[in-house]
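Please read the structure below before turning to the comments.
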Amino acid sequence: MKWARWALLAVALAAFPWIAGEYYINLTSQIFIAATFAASLNLLVGYGGLPSLGHASWLGLAAYLSAWMSLKLGLGHALTAPAALLGTTLVACAFGWISLRATGLGFLMITLALSQVLWGTAYRWVSVTDGDNGLRGLTRPAPFGISLDGATSFYYFALAVTVVAITLMAMFVASPFGAALRGTRDQPRRMSALGHDVWTVRWITFVYSAFWGAVSGLLFVYYNKYIHPASLSITSSAEALLGVIAGGSGTLAGPIVGAAIIMLLKNYVSAYIERWNMLMGFVFVLIVIFMPEGVVPGVRRLYLRLRKWRTG
Amino acid sequence: MQYWIIQTLNSLALGGLLFLLAAGFSLIFGLMRIANLTHGSLYMLGAYVGVTILKFVPNLWLAALIGGAVIAIFGGLIERFILRALAGNALGQVLVTLGISFIVADFCLIVWGGDPIPVQTPLALQQPLRVGGVAFPTYRLVVLAIAVVTAVALYLLMERTRIGAMIRAGVDDMQMARAVGIPVSKLFTAVFCLGAGLAGAGGIIGGPIMSAYPGLDADMLPLALIVVMLGGVGSLLGAFVGSFLIGAIYTFGTALLPDLAYVILFLPMIVVIAFRPRGLFGRQTV
Amino acid sequence: MSSALELGDLRKSFGGLPAMNGVSLRVEAGERRLIIGPNGAGKTTLFNLITGDLERDSGSIRLFGHEVSRLKPHQRAHRGLARTYQIITLFPKDSLQHNIVLSLLGLRRMRWGTFKALARYTEVEEEAREVLKRVGLEHLSRRPIAEVAYGEKRRLEIAMALAQKPKLLLLDEPLAGLSREERAAMKDLIGRIPREVTVVMIEHDMDTALDLAERITVLHYGSVIVEGTRAEIIADPKTREVYLGD
């Protein structure tokens, strides 16, 4: 029964490009990228109880590193991709060390401030980043000689990366380490009395979550062939956090659903009104006040209640 | 010589404006444990509201008073009707303030448009002050003076009045403050209004220096954050020292190393967080 | 043979207010020690200093001859120290079994594993059920903590500590809030703790606790007032002074 559902989903995702037009294929690719990004943030926010408002750092930094290396150093994708991931992860090691001096709101403010450093650098260090113009003129990689320039081929590429990313994150959460991580979220004092090294557990999660953020950053820059400081802004971090919370933090499906909702809202509503920021602000306020647990747990609870009611 | 004097005064004026912004942020965080991410927006909203008030009241100081009051009321409404509903849910409160900041940003864009709006320096202060052949920009001196006077007033409020004593008690130990019968709820609203009002007035007073433009909020909020984390949460002295420190680093950093000024700006905060998480003058860890 | 626990002139103050005034204490291996004292005597603070939840200002803490006062709480746990809490500190959304599993993980290298699913380490789950059986909670192993009774949570507090096979166990008011029957059962449970485990217990319920302890330490305002056997404590006029007012 469960397998049948998974198989159905797999077929639907694989067949989608044959049914849908290019606009929808591209939109879905963007949803994959946003979903990977939100899922990586969810490791920290949902499972670790560490609310980061600086997660855009990892998407943006990886994208900038990859773009800069290919534009200014003329390196190929085979080299820039691992180098960008490595560089981003190393910066995350340092940022995590600083941010985890605090927890809770302190952590939130420090991650926000640190991500502003990167944002400011992208804006101001014009000789390297081309400032407000952003880095343009990028190409997509061609793994195994397959060009990703078409909407469909990129769709499958993004799908494959997303499936791998989310599978590995799901395994991480289900592992003993993941159990310990949730323990540090719920009862950090008890966890350290039980012999768990709470700080190190959090730091590893911070770095791991940044790594997958960086992976989504590569997808992002490949898709857009362009990167602008706006990708490093508070708005970008906030969007991801909103996706996690709207969908349901601390669940696997939550951030994926949340990211999809945000991406659809952004695409459709923006077509009619110009004010995406204002809409996002209202969605933020409404979700926090009226649906703090998020869509996925909310729907699941409704479903369970309905089933109970039907079976009497 | 003249160049460095101007830069020094610029840094002091920026420090003064930062103090108006950060003092409120710090008190709100220290007392209510709310990281008020609308604080930058309140500053920007103040600047814009000031622009409009100045069309009817051609006096910057009066405009700052009126505008400050308007923003204070706006802040009070946020506290009473939204933050209060989320009491105990610290993350929810932060996210709501973040959401409101997006709404305010777009609201300003709709009402006042996307172009920067310059604010006239009051006529009487347009002439530089000349002392021994060196010209001092008068308005910046006045801004500095206002910040210092505000700091002294806040200090007296905190140290010499009953309300101040209650705020200090709340910052140190909220449960104890409740237990001894301090009207915490009213205090919250009062402090939130005060903080919002200071930020709003700061936006107007800063108008002639920075003008009003979209993105002013996103420029100011991180500065307030670093000031507070540097100086220590809930500490007025910390906010004061931190503001002028950051004002100086920002101004001279931009003048000397424009590319990396923004990175340099954050270095002291990073060092402080790494080695003294309470901040320079804070009594509690962030 | 060194003592299980040895405190030397342990001091701690909170913002200038002294909470621990130079406490020296020695508990021999295998001993049952009861710590009593009026509210605010610093009993729980003493536990928090021993476990490292609080950092001491000065003084030494030796576990089985090793100085641990500079170690983090989790490092002390790895040296054979376990504790329970006066205020129940469990993982409320998780099942009883998962609570025990987290305890078992704490001392094992597998806690760093990030690929193989926890559910596939069947030997750990098996052992957790074994632990629950020993404290008579096996029938509840799949229930979330939030759904079980208070007395059962108290038992689980102890079970989590015992699961680690500690050498030194600190029990912070294990009988607090229990009914008469539950207290008898708990007393039985504590009485069955193997002798190789040294037990230090804070407890207010004298009737039950005195039976379990060999030696008693009376703490008052962060200082040791009296120490000795049950008879010595009762006979000492200082005990009376502490309990019957200044």
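The values are calculated or read from the model by the stated rules, or taken from the named source; none is laboratory data. Everything quoted here is computed from the prediction, not taken from an experiment. Backbone-built Cβ (ideal geometry, glycine too); neighbour counts: all protein chains shown.
Miscellaneous remarks
- If you check A:Ala253, A:Ala259 for being surrounded by fewer than 21 Cβ atoms within 10 Å (Cβ to Cβ) and in contact (Cβ under 8 Å) with a residue 40 or more places away in the chain, only one passes: A:Ala253.
- Region B:155-165, residues that are of a type in the set (A, V, I, L, M) and out of contact with any helix residue (DSSP H, G or I) (no Cβ under 6 Å at 6 or more places or on another chain): B:Leu156, B:Ile163, B:Ala165
- Selection within region C:36-70 - more than 20 Å from C:Pro174 (Cα to Cα) and touching a strand residue (DSSP E or B) at 6+ places or on another chain (Cβ under 7 Å): C:Leu54, C:Arg56, C:Asp57, C:Ser58, C:Gly59, C:Ser60, C:Ile61, C:Arg62, C:Leu63, C:Glu67, C:Val68, C:Ser69
- Checked across region C:127-139, the condition of being touching a strand residue (DSSP E or B) at 6+ places or on another chain (Cβ under 8 Å) and either surrounded by fewer than 16 Cβ atoms within 10 Å (Cβ to Cβ) or in a strand (DSSP E or B) (or both) holds for no residue.
- For the residues A:Leu105, A:Leu79, the requirement of being within 9 Å of chain B (Cβ to nearest Cβ), surrounded by fewer than 24 Cβ atoms within 10 Å (Cβ to Cβ), part of a helix (DSSP H, G or I) and modelled with pLDDT under 95 singles out A:Leu105.
- Condition check for C:Lys116: among the charged types (D, E, K, R), closer than 30 Å to A:Leu168 by Cβ and outside any helix (DSSP H, G or I): yes
- Within region C:116-131, the residues that satisfy the criterion of being among the small types (Gly, Ala, Ser) and free of Cβ contacts under 8 Å to residues at least 12 places away in the same chain are C:Ala117, C:Ala119.
- A Cβ distance below 8 Å, combined with a sequence gap of six or more or placement on separate chains, defines the contacts here; from region B:247-263, residues that are over 16 Å from A:Asp132 (Cβ atoms) and facing chain A (nearest Cβ under 10 Å) reach no residue that is modelled with pLDDT of 90 or more and part of a loop (DSSP other than H, G, I, E, B).
- In region A:264-306, the residues that are more than 8 Å from chain B (Cβ to nearest Cβ), without any contact (Cβ under 8 Å) to a residue 12 or more places away in the chain and closer than 21 Å to A:Gly250 by Cβ: A:Leu286, A:Phe290, A:Val299, A:Arg300, A:Arg301, A:Leu302, A:Tyr303, A:Leu304, A:Arg305
- Across region B:1-46, the qualifying residues are those that are of a type in the set (A, V, I, L, M) and touching a Lys or Arg at 6+ places or on another chain (Cβ under 8 Å), and the one among them that is farthest from B:Phe74 (Cα to Cα) is B:Leu9.
- Taking each residue of region C:37-59 that is away from every other protein chain (no Cβ under 13 Å) and looking for partners that are basic (Lys, Arg) and in a helix (DSSP H, G or I) with beta-carbon atoms closer than 8 Å, six or more apart or interchain, yields C:Gly37/C:Lys43.
- Filter pass, C:Asp207 being among the charged types (D, E, K, R), more than 20 Å from C:Leu5 (Cα to Cα), assigned to a helix (DSSP H, G or I) and free of Cβ contacts under 8 Å to residues at least 12 places away in the same chain: yes
- A:Ala180 meets all of the listed conditions (1) at the interface with another protein chain (Cβ under 7 Å from one of its Cβ atoms); (2) out of contact with any Lys or Arg (no Cβ under 6 Å at 6 or more places or on another chain) but one, namely (2).
- Residues that are within 30 Å of A:Val128 (Cα to Cα), of a type in the set (S, T, N, Q) and within 14 Å of chain C (Cβ to nearest Cβ), drawn from region A:183-229: A:Ser209
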